[in-house]
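Single-structure report; data block below.
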Amino acid sequence: MDARQWHSTIAAAQAGDREALDELVAGWLPLVYNIVGRALGGHADVDDVVQETMLRAVDHLGSLRDPDSFRSWLVAIAMRQIRDRARRRTAEPLTDGAGDQAVDFAELTVLRLQLEGQRREVAEAVRWLDAEDRQPLSLWWLEVAGELTRPELAAAAGISRQHAAVRVQRTKARLEAARGIVRALDSSCPELRDVTARWSGRPDSVWRKRLARHIRGCGYCAGPGEAVVPAERLLAGIALVPVPAGFTMSLALGGKPAAAATAATAGWSAKILGVLGKPAVAVTAGATFAAGGVYVVTQTPDDPPRRAIAAPTAASTARPPSVTRSASPSPSRTTSPSPSPSKTRVQLYGTVVDAVDGAPSAGTPPRALPRRAEKGVTATGAPATGLTHRGETVTLSGEGYFRVRWQILPRERPGSVAMPAWTGLDGRLFHVASGGGHRMDDPQPGTTDGTTWMGGPATGLAVLPSGTQQMWQNEYFWIDGTVTLHQNERGADYNLFVETSTWDKVAQDVRTGPEQGAVRYGLVRDNGKDTAPVPQYLTRSAPTDPATVRQRSRVTP
């Protein structure tokens, strides 16, 4: 979740816009909840600490000088509340009575994100860490998932970057040792059954030492087995845990005395109650399929810019579709009036995709594909194996068609998709058609558990940022000029294969239908005019980090 993409929302909230404050709290609550949940483990204080963090952020939002630093500022508040809670209470395991009210965050992570194999192992290993290790782990987990930077991690922990590196390495080592315990407990070692005969099943430091001692001296438990994937690779594929419904109701209604809470929460408690107070299953499903959408809208450069609603991360995908709005800002947030019809200038190029679109039914043939000029396109810079790693690029130049073929690999690493970006556009670039016989969220033939090309219960899911068009296997573009495509892989694993094409090949692909073995016909996006849609995540500039290119890029001449 990138604070820079929330700049206008933060500024509007600071200016007193209650709707903006609603969106700010709803959008960043999952990040805070995950930090506090993992730092406190299964303690009943999670709700109170998250609530206090959000209330303090609302109370002191006016003191934030740089909206771009909102994320690090908010995380620092959360960590202070965690440390304050540790000073007020002892970090003892829960009593039986307290356990009824607590949220076991490890179990929540496994169940809500449908984790299997070594990802489940990592999530459950957190139970065996001490409180002093869970705090840096909660930040490092979000760092490898792309939600925090190392400077933000160090600032939130109140230590130097060098000290942060030492603490992270120490935490990683202890996490790996804890993974060994989880792995051993899942094994069928006969001696381990005798060792744990009197164990209550509740992880604690005493049993951690006993089990670690057994593993070191046991040929069965310490013997070679499945290759162990480094924790950072596994954590990168685990998205934010959705906020449970009961918790959000508590956040909206409870905790604070009425007099103290009214001023801080008057603008957003109702929104939290209405938006996040939903069953977690419904929230998760909405996050997974939010990219389905209904149609494509274009926005001319003379229209007032629409404020970005959601940052392209796992945190934003955990929000239900009702939070994502494509409508124009409310009058209170409109800084400049829309031009009157008599003064509106027609722009021949510069429209941008401003909403996601839905897939046509399987039996719906596409409309005719307009024919554009073809003088030839060259692709330079791409590795022979395609764009398979973060940072790899390909530059397209010339006039004509080309194809980008998607390969999503949730079995390798599911999670939030860091979308590719188009930068340095010089000329015109249109998104003309989608094909390949299926969208990537279509069920795979022969499966019965809902598995798509984006993943399923056995592998986990690759989840798109809120507002992103759901890609098809083949996406076709027409260019007259030059542009560079960047592979921004972080989180979910994916590959891109770029190949020059022709009008004939595009038309043939989109006309291939179910009777020929496809799931559905393709989709023609080109209207034959200069108001045809352009790709999402497109800019004429060349930013230092292409992954920061915003969805609603402005590509005016």
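The values are calculated or read from the model by the stated rules, or taken from the named source; none is laboratory data. Since this is a predicted model, take the numbers as computed values, not measurements. Quick reminder, even Gly has a Cβ in these numbers, built from the backbone with ideal geometry, and neighbours come from all protein chains shown. To get the accessible areas, we keep the full protein, side chains included, count just its heavy atoms, and leave off ligands, DNA and RNA. Shrake-Rupley method; radii C 1.70, N 1.55, O 1.52, S 1.80 Å.
Here are the numbers for the structure shown:
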| quantity | calculated |
| --- | --- |
| Residue satisfying condition, being farther than 22 Å from PRO203 by Cβ, touching a helix residue (DSSP H, G or I) at 6+ places or on another chain (Cβ under 7 Å), touching a residue at least 12 places away in the same chain (Cβ under 8 Å) and open to solvent by 30 Å² or more (accessible area, probe 1.4 Å), within set ALA26, ALA20, ALA11 | ALA11 |
| Residue in the range 383-405 that is touching a Gly at 6+ places or on another chain (Cβ under 9 Å), among the basic types (Lys, Arg) and closer than 26 Å to GLY467 by Cα present | yes |
| Single residue of THR500, THR452 found to be open to solvent by 40 Å² or more (accessible area, probe 1.4 Å) and not charged (D, E, K, R) | THR500 |
| Subset of the range 356-392 that is among the β-branched types (Val, Ile, Thr) and part of a loop (DSSP other than H, G, I, E, B) - its residue that is surrounded by the most Cβ atoms within 10 Å (Cβ to Cβ) | VAL356 |
| The range 508-522, residues that are crowded, with 21+ Cβ neighbours inside 10 Å and either of a type in the set (Val, Ile, Thr) or not in a loop (DSSP other than H, G, I, E, B) (or both) | ASP509, VAL510 |
| Residue tally, condition open to solvent by 20 Å² or more (accessible area, probe 1.4 Å) and of a type in the set (Ser, Thr, Tyr), over the range 523-538 | 1 |
| Residue, farthest from ALA76 (Cα to Cα), within the range 162-187, restricted to residues that are open to solvent by 70 Å² or more (accessible area, probe 1.4 Å) and at pLDDT below 85 | ASP186 |
| Within the range 55-100, considering residues that are over 23 Å from LEU148 (Cα atoms) and not in a helix (DSSP H, G or I), the one modelled with the lowest pLDDT | ASP100 |
| Only listed residue being buried (at least 23 other Cβ atoms within 10 Å of the Cβ) and either in contact with a Pro (Cβ under 8 Å, 6 or more places away or on another chain) or in a loop (DSSP other than H, G, I, E, B) (or both), chosen from GLY491, GLY446 | GLY491 |
| Some residue of the range 484-499 being without any contact (Cβ under 8 Å) to a residue 12 or more places away in the chain and of a type outside the set (S, T, N, Q) | no |
| Hits in the range 134-161 (condition: free of Cβ contacts under 8 Å to residues at least 60 places away in the same chain, within 14 Å of MET79 (Cβ to Cβ) and open to solvent by 20 Å² or more (accessible area, probe 1.4 Å)) | GLU143, ILE159 |
| Test: residue in the range 545-553 that is buried (at least 19 other Cβ atoms within 10 Å of the Cβ), in contact (Cβ under 8 Å) with a residue 40 or more places away in the chain and either farther than 30 Å from VAL144 by Cβ or of a type in the set (S, T, N, Q) (or both) | yes |
| Checklist (1) under 30 Å from GLY117 (Cβ atoms); (2) in contact with a Lys or Arg (Cβ under 8 Å, 6 or more places away or on another chain); (3) in a loop (DSSP other than H, G, I, E, B); (4) open to solvent by less than 20 Å² (accessible area, probe 1.4 Å) applied to PRO465, failing item | (2) |
| Some residue of the range 202-209 being open to solvent by 50 Å² or more (accessible area, probe 1.4 Å), modelled with pLDDT of 85 or more and not β-branched (Val, Ile, Thr) | yes |
| Restricting the range 397-411 to residues that are on the phi < 0 side of the Ramachandran plot and touching a helix residue (DSSP H, G or I) at 6+ places or on another chain (Cβ under 9 Å), the residue that is least open to solvent (accessible area, probe 1.4 Å) | TYR401 |
| Boolean, ASP426 is modelled with pLDDT under 95, part of a loop (DSSP other than H, G, I, E, B) and either surrounded by fewer than 23 Cβ atoms within 10 Å (Cβ to Cβ) or touching a Cys at 6+ places or on another chain (Cβ under 8 Å) (or both) | no |
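So that you can scan it fast, the table gives a plain yes or no per residue for (1) in a loop (DSSP other than H, G, I, E, B); (2) at pLDDT 75 or above; (3) under 30 Å from THR53 (Cβ atoms):
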{"position": "SER200", "(1), (2), (3)": "yes, yes, no"}
{"position": "ILE215", "(1), (2), (3)": "no, yes, no"}
{"position": "TYR220", "(1), (2), (3)": "yes, yes, no"}
{"position": "GLU226", "(1), (2), (3)": "yes, no, no"}
{"position": "ILE238", "(1), (2), (3)": "yes, no, yes"}
{"position": "SER250", "(1), (2), (3)": "no, no, yes"}
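Residue-by-condition table, conditions (1) farther than 30 Å from ALA145 by Cβ; (2) modelled with pLDDT of 90 or more; (3) not polar (S, T, N, Q):
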| residue | (1), (2), (3) |
| --- | --- |
| PRO445 | yes, no, yes |
| LEU461 | no, no, yes |
| GLN473 | no, yes, no |
| TRP478 | yes, yes, yes |
| TRP503 | yes, yes, yes |
| VAL506 | yes, yes, yes |
| ASN527 | yes, yes, no |
| THR531 | yes, no, no |
| PRO535 | no, yes, yes |
